[in-house]
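Read the figures in this text as sums done on the coordinates, not as results from a lab. None of these values were measured; they are calculated from a predicted model. We place every Cβ from the backbone using ideal geometry, glycine too, and count neighbours over all the protein chains shown.
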Amino acid sequence: MQSVNNNKGFTFVEMLLVLFIVSVVSSFVFVNISTAYDKRKIDHFMEQFYIDLLYTQEYAMSHYVDMKVHLRDGHYEIRGSSYAGPTILKRTYDDGIQVDVMTMQNPIVFKPSGNIERAGSLFVGYKGSRFKVVFQLGRGRVYYEKIR
C-alpha cells in the first residue's frame, strides 16, 4: 500500500506572509482616511460658519434688529441685540478647532442695514490647517481663505 502525501493547503509561512501584506496595505489606507477626515472636518466647519454668518446678516436685515454672533470655546451662538434674548442658533464644533479673534470684536455684530459694526479678521485653525475670515465694512461682506 502506498502512502499518498498530498496536502492541498497552505503552509504557515505562506499564511503569515499574506497576513503581513494585508496588514501593511490596510494601515496605509487607514492613515489616508484619517487625514481626509481631518481635512473634511475643518472644511465643513468653515462652510457652515460662513453660511451661519450670512444667515445672521440676512436675519438682521429682514427683522431690522442688531444680531450678534458670540464665539465661545467649542461653540458659537447667534442672538439678538440683548444677551438675555433668545438664542436663534447654537452650533457646537470639535474642541480641536481653534478660533482666534484677532482684530474682530467678540461678539460680531451685524446691523439692520446688513453692515458689520466693526471690520476685522479672525483666524480658524485645526491640525495644521489655518483659515482667515475677513469682515469688510460697507456692505458687510464676509469671505474666508485658506492660509495653510
**Prompt:** Taking R0 as 35 Å, what's the FRET efficiency between D95 and V18 from their Cβ-Cβ distance, rounded to 0.05?
**Reply:** 0.30
**Message:** I'd like the distance between the alpha-carbon centres of the range 43-72 and the range 113-139, rounded to an integer number of Å.
**Reply:** 12 Å
**Prompt:** Roughly how many nanometres apart are two label points built 7 Å out from the Cα toward the Cβ at T103 and F10?
**Reply:** 6.3 nm
**Complete:** If one builds a Gaussian network model of the chain from Cα atoms under 10 Å apart, the most fluctuating residue listed among L19, L122, L53 is L19
**Item:** Residues with amide H under 5 Å from that of N115, placed H, sequence gap 5 or more
**Value:** none
**Asked** For the chain, what is the charge dipole size about the Cα centre, in debye to the nearest 20, if Lys and Arg each add +1 at the Cβ and Asp and Glu each add -1 at the Cβ?
**Response** 260 debye
**Prompt:** When all alpha-carbon pairs of the range 13-146 are counted, what percent fall beyond 19 Å?
**Reply:** 56 percent
**Prompt:** Radius of gyration and Dmax for the range 51-96's Cα atoms, expressed in Å?
**Reply:** 10.9, 36
**Asked** By a straight-distance test (C-alpha under 16 Å), which lysines pair with K127 as possible cross-link partners, with residues fewer than eight away in the same chain excluded?
**Response** K39, K41, K146
